[in-house]
Structure formats: structure tokens, C-alpha cells
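Below is one structure, written out as C-alpha cells; the observations come after it.
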Amino acid sequence: MREGEKSRLVAWHRELRDVHDRLREALALTRQALAAGKPAEPATRDLLLFCHGFCAALTAHHEGEDRELFPAIAEQHPELREALRYLRQDHSMMAHLLSGLQDAVTRAAPPAELERHLEGLAAIMESHFRYEERQLLAVLKTLDLDADPGAVLGPL
């Protein structure tokens, strides 16, 4: 194996961790934008921008995993199919939570309601990321997947 090929294989586990870290940061910025808003104006411009960016990034990340990454892992590591099923269920749950958050932001829900949405999403997202990293990082070090990381893990 050439050095460049080895580096590309090792990069998948780093790419996943980097994307998770950027999504965690995007959620933190969204929560900061909410905290900085005036009580009479919960849907400030900053909150709308951060929420839209965060929601789009998390959605793209999960869609890429479901479309590209998980099928490649299932093919090369059939023993992980059950774990991948749980991860897909989490993706579906988070899509539902994101929809509720986007609706709350659009209708300018009170800050306490917006924070509840963000808190629930943060809890499931962190649990999901930790489980995903425990289950997949070792496999990603050797995964043979010739694809664009942005298409597989999201454009963050």
C-alpha cells in the first residue's frame, strides 16, 4: 500500500471526529445566540442564522452517513449492522427534533421553549456521537471507501 492510500484510509476516523466537533461547536453557537437574544425577541437574526446553519449541517451529516458511509461499513463489517440500525434510528429521531426546533424558531417561540428544543437535541446528539465513535472509529481507520468526505460526512 502506498503512503497516500494509507493516509486516506486513516483519515475517515479523523474526519468523523472533526465533523462531530464542528457540529458540537455549531450547537454551542446556536445556544449562545439564543442566550444573547432579547426576551421580547427570541428569534433574533443571529439565532435564525445559527439555527439554520446548524440544522442544515446536522441533516447533511446524517444523510451522508445513511447514503454513503453506513452501507460501506455494513458491506465490509456485517457484524456492525445492528449498531448501524440503531444509529439510523437516532438519525430519524434527530430529524424529528430538528423539525420541531425549526418550527419553534420560525414562529418565534419564547426563549425557554427554544432552549428546551436545543437541550433535548443536544442530549440525543451527544449520546449518538459517543455511541457512533465507540462503535465505528476503529473500523473507520481501515475502511475502504473512495468518496468525497464532504459528501459522506457533510460539508462542514
With the 8 Å Cα cutoff and a minimum separation of six or more residues, the range 59-147 has a relative contact order in percent of 37 percent
Karplus-derived 3J(HN,Hα) from phi for the range 21-27 (6.51 cos²θ - 1.76 cosθ + 1.60, θ = phi - 60°), whole Hz, x at Gly and Pro, runs 4, 5, 5, 4, 5, 4, 5
The chain pair-distance distribution - Cα-Cα, 10 Å bins, rounded %
11, 39, 28, 15, 6, 1, 0
What's the FRET efficiency of Arg45 with Arg107 using the Cβ-Cβ distance as r and R₀ = 22 Å, to the nearest 0.05?
0.85
Assigning unit charges at the beta carbon (Lys, Arg +1; Asp, Glu -1) and nothing else, what dipole magnitude in debye, to the nearest 20, does the chain show about its Cα centre?
280 debye
With a cut-off of 8 Å between alpha carbons and a minimum separation of six or more residues, what is the relative contact order of the chain in percent?
42 percent
Subtracting the Cα-Cα distance of Arg14 and Glu75 from 0.36 nm times their residue separation yields 19.9 nm
Summing -39500 (n - 2.57) over the DSSP H runs of n ≥ 4 in the chain and dividing by its residue number, what mean residue ellipticity at 222 nm do you reach, to the nearest 500 deg cm²/dmol?
-27000 deg cm²/dmol
Mind giving me the nanometre distance, one decimal, between the label points for His96 and Glu25, set 7 Å out from Cα along Cα→Cβ?
3.2 nm
Residues Ser127 and Ala36, FRET efficiency given R0 of 35 Å [Cβ-Cβ distance, rounded to 0.05]
0.85
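Quick note: the coordinates plus some simple rules give every number you see, no bench work behind them. As the structure is a prediction and not an experimental result, all values here were calculated from the model. Note: ideal-geometry Cβ built from the backbone for every residue, glycine included; neighbour counts use all protein chains shown.
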